[in-house]
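Structure first, commentary second.
The values are calculated or read from the model by the stated rules, or taken from the named source; none is laboratory data. Computed from a predicted structure; not experimentally measured. Backbone-built Cβ (ideal geometry, glycine too); neighbour counts: all protein chains shown. Only protein heavy atoms, including side chains, enter the accessible area calculation; ligands, DNA and RNA are left aside. Shrake-Rupley method; radii C 1.70, N 1.55, O 1.52, S 1.80 Å.
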Amino acid sequence: MPTQLSIVIPVYNEEETLSEMFARLPATFDSIPDLQWKAIFVNDGSRDRTVAMIEEAHARDARFTLIDLSRNFGHQAAMSAGLAHADGDVVAMMDGDLQDPPEVIPKLLEKWREGYQVVYAVRRKRKEGLIKRTAYAMFYRSMKAIAAIDIPLDAGDFCLVDKAVAQAMAALPERNRFLRGLRSWLGFKQIGVEYERAQRFAGATKYSLRKLIRLALAGYVGFSSMPLRISAWIGLLAAFGGFCVLAWALIARLSGSPIPAGWTSTMAVILFLGGTQLLMLGVIGEYLGN
Ligand code: UDP
Ligand code: MG
């Protein structure tokens, strides 16, 4: 029995890259022995010719298939929808702009054949502007520092997983998804494979700054309760400050040094009460985190 490979590809207004995609998938996979492949394009509410082009491709070659979402739900949701419909023995996830070169997938497939159930691609170099590169580097490193699980550095959603993992991933109830985190969290036998991330083949990024920030927040909130603790720490500091001011005022009064009237008690009360409130917010945060 040949291995069945499903390739999930979310697409949002990608009419400029699709022809190249339709050419490169067969060029990459047709020569691999004992492999049957199928591409599952998930249209994420495109307003250009994306759907028409995939339908035309399907008429020519039934291995190009389409899931058409009712509106734009975002990359992570589109990927998840495709994942839920992938029925191969092994499932690849890649972007539709050819930044994740399909030619890398055979290398991932080799690792799967060696017995790994999750093979994620790790980008060696990023061909983006300095600002975006710095932001990504900071995000991944801060995530590593505060996350409760070990998320590999510089690994995006580009990966290949065993059917068992794909099913487990699709079954997770998270709405606000951070797939690369969920993938780490799931466990199984995992390994990273380095690759050179390409430039977007054509067109502009479909990830607006707002969508990127939402993705980063999904990562932080989904995998760390550190932010919940921040208020507790600030509160503790402020309450301690209030306590110190009070102690200082008491000593000054007893030793007869002059202190400005009214100022000390006001400061002490503000610091102490503010601090206690923040501390209690932190306590609520802890329960929420649990
Ligand atoms: N995408 C999507 N829905 C969106 C935004 C993006 O399905 O709301 C797709 C897009 O078509 C591409 C992939 O997700 O195939 C990654 O997006 P993009 O390349 O624009 O992101 P970047 O690589 O710039 O972060
Ligand atoms: Mg891209």
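Give me the distance in nm between label points sitting 7 Å out from Cα along the Cα-to-Cβ direction at Ala137 and Asp61, one decimal.
Going by the 7 Å Cα→Cβ label model, 3.9 nm.
Under Stokes-Einstein, with the Kirkwood radius over Cα pairs standing in for Rh, what whole-number D in µm²/s applies to the chain at 25 °C and 0.890 mPa s?
My calculation gives 112 µm²/s for D.
Report the residue, chosen from Ile234, Ile32, Ile259, that carries the largest GNM mean-square fluctuation when the chain is represented by alpha-carbon nodes joined by springs under 10 Å.
Per the Cα network of the chain with a 10 Å cutoff, Ile259 tops the list.
Using only C-alpha positions, report the orientation-averaged shadow area of the convex hull of the stretch 1-152, nm², one decimal.
Taking a quarter of the hull surface, the average projection is 10.6 nm².
When a/c reaches 1.5 or more, the comparison of a/b and b/c decides; with that in mind, is the stretch 68-209 rounded, prolate or oblate per its Cα gyration tensor?
rounded
Counting DSSP beta bridges in the chain, what percent are antiparallel, to the nearest 5?
About 25 percent, rounded to the nearest 5.
Loop-only GluC sites (Glu not before Pro) in the stretch 60-149, please: DSSP not H, G, I, E or B, and at most 13 other Cβ atoms within 10 Å.
Glu114
If you place +1 on the Cβ of every Lys and Arg and -1 on the Cβ of every Asp and Glu, how big does the dipole about the Cα centre of the chain come out, in debye to the nearest 20?
Value, rounded to 20: 1140 debye.
Classify the stretch 177-257 from the C-alpha gyration tensor, please: rounded if a/c falls under 1.5, else prolate or oblate depending on whether a/b exceeds b/c.
prolate
Return a whole-number percent for the relative contact order of the stretch 39-174, with Cα pairs under 8 Å and 6 or more residues apart as the contact set.
About 28 percent, as a whole number.
Please report how far the C-alpha centroid of the stretch 1-47 lies from that of the stretch 224-290, rounded to the nearest whole angstrom.
Rounded to whole Å, the Cα centres lie 59 Å apart.
Set the Förster distance to 35 Å, then compute FRET efficiency between Trp233 and Trp263 from the Cβ-Cβ distance, nearest 0.05.
With a Förster radius of 35 Å, E is 0.85.
May I ask you to give the solvent-accessible area per residue for the chain, in square angstrom, as obtained with a 1.4 angstrom probe?
About 53 Å² of surface per residue is accessible.
How high is the relative contact order of the chain, given as a whole-number percent (alpha carbon pairs under 8 Å, six or more residues apart)?
Details: 470 pairs, mean separation 52.1, N = 290.
For the chain, the relative contact order is 18 percent.
Collect residues whose amide H, placed 1.01 Å from N in the peptide plane, falls under 5 Å from the amide H of Arg49; neighbours closer than 5 in sequence don't count.
Amide H neighbours of Arg49, under 5 Å, 5+ apart: Glu15.
First compute the accessible area of the chain with a 1.4 Å probe, then give the percent of it belonging to carbon and sulfur atoms.
Heavy-atom surface of the chain belonging to carbon and sulfur, 1.4 Å probe: 62 percent.
I need the phi-derived Karplus couplings for the stretch 192-208: 6.51 cos²θ - 1.76 cosθ + 1.60, θ = phi - 60°, integer Hz, Gly and Pro marked x.
Whole-Hz 3J(HN,Hα) from phi for the stretch 192-208: x, 10, 6, 8, 8, 6, 7, 7, 3, 5, 7, x, 10, 4, 9, 9, 6.
For Asp157, which sequence-distant residues (separation of 5 or more, or a different chain) have an amide H within less than 5 Å of its own amide H, given hydrogens modelled in the peptide plane?
Distant-sequence amide H within range of Asp157: zero hits.
Between Glu16 and His85, what FRET efficiency follows from the Cβ-Cβ distance if R0 is 25 Å, with the result rounded to 0.05?
0.50
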